[in-house]
Amino acid sequence: MSDATTAPFPASAHAPWPKRSYAWYVLSLLTLAYALAILDRVSIALLIEPLKAALAINDTQFGLLQGMAFSVVYSVLGLPLGMLSDRRRRVTLLFGGLMLWSAATIGCSLASNFHELFIARMLVGVGEAALVPVATSLIADYFEPDIRPKAYGVFVTGSSLGTAAAMALGGLFLDWADGLIGGFPRLFGAMQPWQVVFVLCGAPGLLLALVLLLTAREPARQGGTTANPSLSLKPLIRLFIDRPGAFGLFMLGSVLNLVCVYAIVGWFPALFIRAHGWTAAETGKILGAVGLPLSIFAAVNSGWVIAWLKRRGHADAPILCAMGCSASLVVFGTLACVAPTGNLALLGYALNALFLNWNTSAVYSGFAQITPNALRAQMMALQTIASGLVALTAGNFIVGFLSDTVFTSPAGISWSLGSVFFGCGLAAFLILLASRRSFRAAAAAHEAG
């Protein structure tokens, strides 16, 4: 383990794998970091009404705050950070990113208008751009290939924890806000409740960053190949040229799934508030309480499902898992959007949550399965770019735009969301279906090579 802790870029064809118990400890830190990233990214969704009132913004602008403000820098910086992750100490990169996005989340509380909040959200995106490329690369070097899908499944629970926490804690923080403002006037006396929520969401990340820096060690890079020292995209581009179905179609299908996922995160609270008359605090606590256990189950279960399918001879197990997510979005997701009552909508939300995280586990496991070690972080950075520029931006903007221009009644949010779910979910299913044969060939070639 000494080479893994002292060398800035250890690599060996026969490096010993880290001790399993320590690998799971580091995975727990990465998972918690993922949870805090999602919490800081999506906690704004529950604050739609107070932010619209305080900053005088409309639904389209709110969609931009949730999507474009975050996703542009998150996406653009993803690839450079992925390239650095394939060449430099990954733990240090993650520490810097975690500190920045946590501080920027707290900074959102200082915004007094749309433009200031937009800039603060951009800084959140700058910090979070390091997370997925770094974490997925670290996991690939901490866990042997037969354990890796399960490790990725656990990592994806961070998304579930963060989303549920954004709902449940956001609602709880709104309940606490008045008490904190009155009880601690020096800290919170000049704040409105929505500002308190941003502060409480961002603060834990600063502490976790220190724990990560002090206790997480850089593992040896497994596989016997090291990154090319030159900063060139040619090897990455060559993968897509040689196997467009395995890489291109898989990425496109998974991104279309994510359009729906981000629409859920950004607009489902508004669905229950506007179409079904729930309060913001009530919505947050109920969605968090229902979504948390189901989403965690789905995230952990997805890794085991992929491993089980592989043992049964399905080399394209990640594709099958992502297709399961697509089918759920089309059926359960669409029904949740257009359900006539809040309880039926909640039932659809719960059923969809059972499969929602299958897509993310499929992406992490699938690209690790077919991508050379020296390009893994860059591949995940490219996936991050596509997810940010297409999924995060489109998923939030399209719903807001349809709500402002087509389905303009308060209940019209149901049809805005439903249109996105049905159209993107169906397209994702068909595209992923078309990628199966090419993915199997790429997996066989990577295993043989």
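The values are calculated or read from the model by the stated rules, or taken from the named source; none is laboratory data. In this text, all values refer to a predicted model and were calculated from it rather than measured experimentally. Cβ placement follows ideal geometry from the backbone for every residue including glycine, while neighbour counts extend to all protein chains displayed. To get the accessible areas, we keep the full protein, side chains included, count just its heavy atoms, and leave off ligands, DNA and RNA. Shrake-Rupley method; radii C 1.70, N 1.55, O 1.52, S 1.80 Å.
Just check segment 69-142 against the gyration tensor rule for me: Cα atoms, a ≥ b ≥ c as the square roots of the eigenvalues, rounded for a/c under 1.5, and otherwise prolate or oblate depending on whether a/b exceeds b/c.
prolate
Just report the Cα centroid separation between segment 306-364 and segment 181-210, whole Å.
Spelled out, the Cα-based centre of one part sits 35 Å from the other.
Can you pull the percent of segment 353-449's accessible area that's carbon plus sulfur, 1.4 Å probe, other chains left in place?
71
Check residue 221: other-chain or 5+ apart residues with amide H under 5 Å from its amide H, H built from backbone geometry?
Under 5 Å from the amide H of residue 221 lie the amide H atoms of 11, 12, each far enough along the sequence or on another chain.
Hey, rough spin-label estimate for residue 186 and residue 217, points 7 angstrom out along Cα→Cβ, what's it come to in nanometres?
4.3
Take every Cα-Cα pair in segment 264-367 and report what % of them are more than 21 Å apart.
On the way: 2027 of 5356 pairs.
When every Cα pair of segment 264-367 is considered, 38 percent fall beyond 21 Å.
How high is the relative contact order of segment 339-449, given as a whole-number percent (alpha carbon pairs under 8 Å, six or more residues apart)?
The normalised contact order for segment 339-449 reaches 25 percent.
Magnitude of the Cβ-charge dipole of segment 19-169, K/R +1 and D/E -1, about the Cα centre, nearest 20 debye? Walk me through the numbers on the way to the answer.
Details: 11 positive and 9 negative charges, 93 e Å.
Result for segment 19-169 is approximately 440 debye, rounded to the nearest 20.
Contour minus end-to-end for residue 444 and residue 58, with contour as 0.36 nm per residue of separation and end-to-end as the Cα-Cα distance? Don't jump to the answer; show the numbers that get you there.
On the way: separation 386, 0.36 × 386 = 138.96 nm, distance 5.05 nm.
Using 0.36 nm per residue and subtracting the Cα-Cα distance, I get 133.9 nm.
Work through the residues other than residue 215 whose Cβ is under 15 Å from its Cβ and net out their charges, Lys, Arg +1 and Asp, Glu -1.
Local net charge: +3.
Using the heavy atoms of the protein chains and a 1.4 angstrom probe, tell me the accessible area per residue for segment 182-334 in square angstrom.
41
How far apart, in nanometres, would the label points at residue 178 and residue 289 be if each is projected 7 angstrom from Cα along the Cα-to-Cβ direction?
So the label points at residue 178 and residue 289 sit 2.0 nm apart.
Normalised by the residues of segment 264-397, what does the relative contact order come to in percent, with Cα pairs under 8 Å and at least six apart?
27
Please say if segment 330-449 is rounded, prolate or oblate, where rounded means a/c under 1.5 for a ≥ b ≥ c the square roots of the C-alpha gyration tensor eigenvalues, and otherwise the choice is prolate for a/b larger than b/c and oblate otherwise?
It comes out prolate by the Cα gyration axes.
When the Karplus curve 6.51 cos²θ - 1.76 cosθ + 1.60 is applied with θ = phi - 60°, which whole-Hz ³J(HN,Hα) does each residue of segment 110-123 get, with x for Gly and Pro?
Along segment 110-123, the couplings run 8, 5, 10, 7, 4, 5, 5, 5, 4, 5, 4, 5, 4, 5 Hz.
Could you give the distance between the Cα centres of segment 385-408 and segment 120-167, to the whole Å?
24
Answer with one residue from 93, 46, 410: the one whose Cα lies farthest towards the positive end of the charge dipole of the chain, charges on Cβ with Lys, Arg +1 and Asp, Glu -1.
Positive-most Cα among the choices belongs to 93.
Indicate the gyration tensor shape class of segment 152-277 (rounded, prolate or oblate), computed on the Cα atoms with a ≥ b ≥ c the square roots of the eigenvalues: a/c under 1.5 is rounded; otherwise a/b larger than b/c is prolate and the rest oblate.
Cα axes put segment 152-277 in the oblate bin.
Quote the relative contact order of the chain in percent (integer), defining contacts as alpha-carbon pairs under 8 Å separated by 6+ residues.
Normalised by residue count, the contact order of the chain is 27 percent.
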